[in-house]
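The structure appears below as structure tokens.
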Amino acid sequence: MPGSGAHSLRTAQPAGSWERCPPLPPAGRLQRNRPPVGLGETVSINKAINTQEVAVKEKHARTCILGTHHEKGAQTFWSVVNCLPLSSNAVLCWKFCHVFHKLLRDGHPNVLKDSLRYRNELSDMSRMWGHLSEGYGQLCSIYLKLLRTKMEYHTKNPRFPGNLQMSDRQLDEAGESDVNNFFQLTVEMFDYLECELNLFQTVFNSLDMSRSVSVTATGQCRLAPLIQVILDCSHLYDYTVKLLFKLHSCLPADTLQGHRDRFMEQFTKLKDLFYRSSNLQYFKRLIQIPQLPENPPNFLRASALSEHISPVVVIPAEASSPDSEPVLEKDDLMDMDASQQNLFDNKFDDIFGSSFSSDPFNFNSQNGVNKDEKDHLIERLYREISGLKAQLENMKTESQRVVLQLKGHVSELEAELAEQQHLRQQAADDCEFLRAELDELRRQREDTEKAQRSLSEIERKAQANEQRYSKLKEKYSELVQNHADLLRKNAEVTKQVSMARQAQVDLEREKKELEDSLERISDQGQRKTQEQLEVLESLKQELATSQRELQVLQGSLETSAQSEANWAAQFAELEKERDSLVSGAAHREEELSALRKELQDTQLKLASTEESMCQLAKDQRKMLLVGSRKAAEQVIQDALNQLEEPPLISCAGSADHLLSTVTSISSCIEQLDKSWSQYLACPEDISGLLHSITLLAHLTSDAIAHGATTCLRAPPEPADSLTEACKQYGRETLAYLASLEEEGSLENADSTAMRNCLSKIKAIGEELLPRGLDIKQEELGDLVDKEMAATSAAIETATARIEEMLSKSRAGDTGVKLEVNERILGCCTSLMQAIQVLIVASKDLQREIVESGRGTASPKEFYAKNSRWTEGLISASKAVGWGATVMVDAADLVVQGRGKFEELMVCSHEIAASTAQLVAASKVKADKDSPNLAQLQQASRGVNQATAGVVASTISGKSQIEETDNMDFSSMTLTQIKRQEMDSQVRVLELENELQKERQKLGELRKKHYELAGVAEGWEEGKLTPRMGTNPQQGGEAVWPGPSPRME
């Protein structure tokens, strides 16, 4: 071979003749300089993977990559790696992962095939390093998991190259135009990207970001592999966006909800990590990191794909690793000295002539001068010149060294300043977050105040209603007195609720005090941040001054270099200038040391301030949680203590209201569990947890109170079971709240026991529900319309009969009787007209209620859903129609002279009470601002006025007729008068006895009436107390089980 012959020829040359040999051809030179194939790669692998905590040099990694392409595989790499103690040295394992990652990305495709046999060893090593929580242990464990995931991904998807660079057409071919393949490919990309982000986040968490870690060797050792991670993440993010748009064009949006949620989480992490990486000095000269958009892509809008810009990672051509920077070697310095010596000799020859070797100064042509003296003088001058030249070169070298040192210090200060600016920005962001959280707390406080004002308005209206009820109490009889007693007991319960609300107000006041303290701490943090900004500004000014002085120093050095031609005359001045430069450099070094010390102090102060603020915020959140929990326990304990107190014993409750409260508590417990999980995941978000605890406490108190009142109307055995279940639920709730004291795992706060107690209460409450009317639910709507139509027909019939009676009276009666009949029948006609107007207004209001409350349901379904309210309407309509018929009959008898005026008055009162019941049943579900409700109330007042007119005309007519029958005792004797007096006394006693009997009969009739109404309403036998309550499950309508109260 030509190359080998040339080599043998050169080996035969003498030792000193190598430079004089003719040059080899290019192929021969490469053959001579290139080491053996395996030896060069082995040396580079050992140099790249070592125990020094520095970044892997780019030239060694490049040699390893070229070696895999040369041998078309990774056999040499694994043969060397298997001899390394990767399981005993974390730094060695970390650098192995970095080099192996580079080979998987840029090496020969067979590297993946040769590495699959070592997958189990990588997994075992990952589990082993995962037990080490400090240093490189966790980093190595996560990096090895990432490498295993990368190998599995490329094995499942061989169309994807190691560096993940593909075109859109190749990406479509990878999915084979099958939506199932695209769906599975997206899931695998999510898993792949998740591993990349975990390594990214773990490396940043292991670094002390308060120091300039990116300019240190140890920091660069941990940050160097992130370049490969950034390259992978940019491609995976781009492909994920495109695949999700493709999936949304083929599948429903609900099916891909999980994909969107997972993408949003990874988008937020990747955007934050890219932003943090771009601010590090280490990455700025090695890689250009792209910035993700402010908002994620909207996959629900297909046109948003055109707005997507693929992130591109740019590695500048001039970028290099720290080991590739130019370094002046000793030979280079020697060559520089030789070139400067030749330049000086050429200048000397130009000045003194080119015959320096024989007669440099042409002394031989001069007469009378001794040649030996001239030679000695020339040699002495030459030696002095050489010495001065050497001193000048030493000065220049020293000056250059000083300048390089100063430049290095300036670069370090600039890097530290950049890090400080980044830390200042982070502190400003934290302050802004605290301000936003404070604004949110203030907004919540304003909402609470609004709710309190509305509550005060409701209480004021309740007081006004109570006053109106107290006025009615003076006019009603014994039945109304019983109702007033219930209202007074209800007021006591309201007072207890007010006490609970007062406790809530105290809790809000403590919360406000905590907010004020937080605001004061925030102001102190702002002031400290301002002071640190002023210190940074002063450091910037001092740094600028140092730079200006450095420029002046460089100018002086340039001036000294330009004055090199006049070295003989200015040598003394150069020595003085050198001394001044040395002293100035020392002084600047002291100033730079002082500046670094001040920067370190500032960093320590800032770190301590941030820690104190974080700790204070954490303590305040803990205080709020403890305070809310104690207040909730107090509310529940008060409810348990009041379970057997007389105010609750004298009240009556309903099972349907109890079931509604139990349903609300179940929803509240689910929300509380969710809020507790969110609080454990993110302790800063505590508002939802506090609201859920407070709501649970008040709902629990209401459930215990309703359970206790419901027991009063239940049989003994269900009542005892319900009471015990309420007590057990209260104790379980207290235990659950106590478990929230420690910030442990979610298992410590188990709500299963509370749910079991609620299930038991719900089962007992369902057994106690009333049976209701024997009417099918679907027939209620038709029955309401029929009863209202029947009532209208009865009123019209009554009006026609009254007109007929008035015509007969005018035809057959005269005088006072005709006047009395006309007045009474006219008032009855006015009453019937007023009732007819009331019925029309009631129909309009009912139609409005049904239309506003039924939603998408039909009117019949609405009536069936609100069956209790519907039954009230039916009962009131029947009472109005029956009262109108009875009153017409009584008026007919009075006109004919065979009736009693008292019957007509009683019928008038009964009609007024029935219409009042109809109004009450209609207005309970109406909007208070409804115009139909206003018309109904106006019509109700018209009925009351007409009733008063009927009663007044009846009393007046009775008095007129009685005046015509004046008693004449003028013709009677004393004995006759005495006898008449005795007869009158007997008649009075008989009438009083009959009155007493009638009153007893009336009481028995009313009692029997309520018994029958109780059976229809599903009351328990023996409990005849009338009930006026609300049904929360059916819209809160009023229920009147018996006859309407009437004025007597």
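The values are calculated or read from the model by the stated rules, or taken from the named source; none is laboratory data. Remember, predicted model here, so these are calculated numbers, not experimental data. Virtual Cβ from ideal backbone geometry, glycine too; neighbours counted across all protein chains shown. Areas reflect the complete protein model, heavy atoms only, side chains present, ligands, DNA and RNA absent. Shrake-Rupley method; radii C 1.70, N 1.55, O 1.52, S 1.80 Å.
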If I filter the range 721-736 for residues that are open to solvent by less than 50 Å² (accessible area, probe 1.4 Å) and at pLDDT below 80, do I get at least one hit?
no
Of the numbered conditions (1) over 21 Å from residue 239 (Cβ atoms); (2) outside any loop (DSSP other than H, G, I, E, B), residue 286 fails exactly one; give the number of that condition.
(2)
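From the list 253, 217, which residue is more than 18 Å from residue 304 (Cβ to Cβ) and of a type outside the set (S, T, N, Q)?
Checking each option against the conditions leaves just 217.
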When you check residue 407 against the structure, is it open to solvent by 60 Å² or more (accessible area, probe 1.4 Å) and more than 18 Å from residue 579 (Cα to Cα), yes or no?
yes
Here is a list of conditions, (1) open to solvent by less than 90 Å² (accessible area, probe 1.4 Å); (2) at pLDDT below 80; (3) closer than 30 Å to residue 876 by Cα, and residue 1012 meets all of them except one; can you say which number that is?
(1)
Selected residue [closer than 23 Å to residue 237 by Cα and surrounded by 17 or more Cβ atoms within 10 Å (Cβ to Cβ)] from 172, 114, 106
106
Among the residues of the range 422-458, write down those that are within 30 Å of the chain's Cα centre (by Cα) and polar (S, T, N, Q).
425, 426, 444, 448, 452, 454
Of the residues in the range 467-485, those that are out of contact with any Gly (no Cβ under 9 Å at 6 or more places or on another chain) and either open to solvent by less than 60 Å² (accessible area, probe 1.4 Å) or modelled with pLDDT of 75 or more (or both) number 8
When you check residue 199 against the structure, is it out of contact with any Asp or Glu (no Cβ under 8 Å at 6 or more places or on another chain), open to solvent by less than 20 Å² (accessible area, probe 1.4 Å) and closer than 24 Å to residue 250 by Cβ, yes or no?
no
Residue in the range 232-252 that is farther than 23 Å from residue 302 by Cα, of a type in the set (Val, Ile, Thr) and buried (at least 19 other Cβ atoms within 10 Å of the Cβ) present:
no
Filter the range 817-841 down to the residues that are buried (at least 23 other Cβ atoms within 10 Å of the Cβ), modelled with pLDDT under 80 and of a type outside the set (A, V, I, L, M) and list them by number.
821
How do the helices (runs of 4 or more DSSP H) wholly within the range 101-219 filter down when requiring 2 or more residues that are of a type in the set (Lys, Arg): which remain?
119-130, 137-156
Criterion first (part of a helix (DSSP H, G or I), without any contact (Cβ under 8 Å) to a residue 40 or more places away in the chain and either open to solvent by less than 30 Å² (accessible area, probe 1.4 Å) or farther than 18 Å from residue 117 by Cα (or both)) does residue 98 satisfy it?
no
